[in-house]
1. Name the one entry in Ala101, Ala71, Ala151, Ala94 that is in contact with a Ser or Thr (Cβ under 6 Å, 6 or more places away or on another chain) and of a type in the set (Gly, Ala, Ser).
2. Being at positive phi and either basic (Lys, Arg) or assigned to a strand (DSSP E or B) (or both) is the filter here; which residues of the range 96-127 pass it?
3. Tell me, yes or no, whether the range 128-142 has at least one residue that is within 12 Å of the chain's Cα centre (by Cα), under 16 Å from Arg37 (Cα atoms) and outside any loop (DSSP other than H, G, I, E, B).
4. Tell me whether the range 126-149 contains one or more residues that are loosely packed, with under 15 Cβ neighbours inside 10 Å and in contact with a helix residue (DSSP H, G or I) (Cβ under 6 Å, 6 or more places away or on another chain).
5. Among (1) under 26 Å from Thr28 (Cα atoms); (2) surrounded by 11 or more Cβ atoms within 10 Å (Cβ to Cβ); (3) aliphatic (A, V, I, L, M), there is one condition Ala101 misses while meeting the rest; what is its number?
6. All but one of (1) at positive phi; (2) at pLDDT 95 or above hold for Arg75, so report the exception by its number.
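The values are calculated or read from the model by the stated rules, or taken from the named source; none is laboratory data. Source: prediction; values computed, not measured. Here Cβ is always computed from backbone atoms with ideal geometry, including for glycine, and neighbour counts include all displayed protein chains.
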Amino acid sequence: MNSTLVRRAIWLFGLVAALVAVNHAIATHERTLSDGRILRLELAPRDPRGFMQGDYMDLRFVMADEVRDAAKRQRMQHGSIIATIDAENVAKYARLEDGSALAPNEARIEFRIRGEDVRIVTNAYFFEEGTATRFEAARFGEFRVRENGIALLTQLLDAQKKPIPTGKVK
């Protein structure tokens, strides 16, 4: 084989591998959105200067301080939170993953420590330009979470746990 054919075969293999990986990730996220357990994380107060920046909102969760303190004690930079889930699907910090079986009212949620910040699922919510003021009422983030702790933010909720509408009102 000449080197041109080898390079083309390698390039084609790389392209196919990338497309397979991207499609697998999409399918996994679609399964999370359709089959994941619904849970809600309470939002913590934010610095008003960092609350709205352009077309996104900086997110911080109430349980972040407990997670950071527990993770520091255990010298962890990432892992899973075990949260108890109440009748309204609101998650409260219970403990860090310790290998014990989960109770029916518990869920696993991934976290990472970045500097002093705890990143639980995401730290930002993006919205359509011109709709920022309605998200000032946000008090909860609603997620779909898989058993392995991978979660996706689906919407923000107000204090009564009602969805905050996205898109421009006509």
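1. Working: Ala101 fails: in contact with a Ser or Thr (Cβ under 6 Å, 6 or more places away or on another chain); Ala71 fails: in contact with a Ser or Thr (Cβ under 6 Å, 6 or more places away or on another chain); Ala151 fails: in contact with a Ser or Thr (Cβ under 6 Å, 6 or more places away or on another chain).
The match here is Ala94.
2. Of everything in the range 96-127, nothing turns out to be at positive phi and either basic (Lys, Arg) or assigned to a strand (DSSP E or B) (or both).
3. Taking every residue of the range 128-142 in turn, at least one turns out to be within 12 Å of the chain's Cα centre (by Cα), under 16 Å from Arg37 (Cα atoms) and outside any loop (DSSP other than H, G, I, E, B).
4. no
5. Every condition holds for Ala101 apart from (2).
6. For Arg75, the failing item is (2).
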